[in-house]
Amino acid sequence: MSTTEDRLAIIETCTRLAWHADQREWDRLSEIFTDAVTLDYTSLNGGEPAVLTPAQIIDAWSGTLGAFEATQHLITNHLVTVDGDTAVCTAAFQATHRLADPFGSPLWTLGGNYRFDLVRTDGAWRIGGLVMTATWADGNRNLTALAAGEQ
């Protein structure tokens, strides 16, 4: 049985992932992750899930997301299940990315679901796993390659 405080802390931890990334508060992201994090973006990019340190995640995200003029990640409809010192939070997301592109739309929006796997560590909830399942997209997907410097 979870407490209301646990549920609110879990939702806030998941929300902080989006907030800190959108605000470019890269150093704050390390506060919400465990020492090793399994990231699974295979629904969008294929490949295999990756196990990364917070520093590796921040380096990758600051390089790619930081190259956009703006991003906005909205996370909602949180469903939280707590089992002792572990928890799962599933939520819907919509992520809009903006970057000028002389050959296409400046916007790319992606929608779908997140599954956050969390662990209580030293009294705080931290993300140890994240599965992003993309279910729809609209706009110029080429912006991610442009932001990553691949063009």
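The values are calculated or read from the model by the stated rules, or taken from the named source; none is laboratory data. Keep in mind that this is a model prediction, so the values were computed, not measured. Virtual Cβ from ideal backbone geometry, glycine too; neighbours counted across all protein chains shown. Ligands, DNA and RNA are excluded from the accessible area calculation, which covers all protein heavy atoms including side chains. Shrake-Rupley method; radii C 1.70, N 1.55, O 1.52, S 1.80 Å.
The residues of the stretch 43-95 that are under 20 Å from L143 (Cβ atoms), free of Cβ contacts under 8 Å to residues at least 40 places away in the same chain and of a type in the set (S, T, N, Q), listed by number, are N45, S62, Q94. All told, N45 falls short of being at pLDDT 95 or above and open to solvent by 50 Å² or more (accessible area, probe 1.4 Å). Among the candidates T64, T81, T76, T86, the residue that is under 14 Å from the mean Cα position of the chain (by Cα) and open to solvent by 60 Å² or more (accessible area, probe 1.4 Å) is uniquely T76. Can you confirm whether R98 is among the charged types (D, E, K, R), open to solvent by 40 Å² or more (accessible area, probe 1.4 Å), modelled with pLDDT of 95 or more and under 24 Å from R7 (Cβ atoms)? Judged against the criteria, R98 is not a match. For A18, are the conditions met, namely being small (G, A, S), out of contact with any Pro (no Cβ under 7 Å at 6 or more places or on another chain) and crowded, with 17+ Cβ neighbours inside 10 Å? Considered against the rule, which asks whether it is small (G, A, S), out of contact with any Pro (no Cβ under 7 Å at 6 or more places or on another chain) and crowded, with 17+ Cβ neighbours inside 10 Å, A18 comes out as yes. Taken over the stretch 101-114, the criterion of being in contact with a strand residue (DSSP E or B) (Cβ under 6 Å, 6 or more places away or on another chain) and open to solvent by 30 Å² or more (accessible area, probe 1.4 Å) is satisfied by S105, P106, L107, N113.
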